[in-house]
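Below: the structure, in structure tokens.
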């Protein structure tokens, strides 16, 4: 019980860095789910992380792939999971960043993941798995490949969430550089520079 209380205390502050609002839920999809719509259903608000009435079950075997796109680039610091109990607990998770074209399990098997995670068995509470931030510093999509459940037949996921922050510095910097060029007073100068550059390229050829 003390371990669960400690875990709850550790996670209590993650709501401010929860990436739920930045997930493009309409385009979340899964492979080998008993009900395809369940891929979106397990991506819940932080306040519903302990809910067990809504979940995703695997279909013909214990493997599941869930593809999660984000509305903008984010830095993902951890994956937060609440998994099935007993024999329905997947034991391994492969994480792929920015691979939107992973469309089947053979692709996942033949593509080197950015991270392999051994999932905790027998844990009924929400668990946070830290990521190597360098590998997940600018992410527009994640593909999660759950496999090898304890029972070998069914995997279940109750909650899937992410902790991190928004990567907007580069975009803001680009916008600031573009603002002067859009100003009418500066437009002639930009045009002259463009013509000069074009003339130099023509001469060089």
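Where a number appears in this text, it was derived from the coordinates with a stated rule and is not lab data. Not measured: the values here are computed from a predicted model. For neighbour counting, all protein chains shown are included, and Cβ atoms are generated from backbone atoms with ideal geometry for every residue, glycine included.
The table that follows gives values for the structure above.
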| read-out | value |
| --- | --- |
| Point-to-point label distance, residue 34-residue 107, nm (Cα→Cβ direction, 7 Å offset) | 2.6 nm |
| Relative contact order (percent, whole number), region 2-167, Cα cutoff 8 Å, 6+ residue spacing | 36 percent |
| Separation of the residue 92 and residue 53 label points, Cα + 7 Å toward Cβ, nm | 3.6 nm |
| Anisotropy class of region 2-167 from Cα gyration tensor, a/c 1.5 cut | rounded |
| Label-point separation in nm, residue 26 to residue 134, each point 7 Å along Cα→Cβ | 3.8 nm |
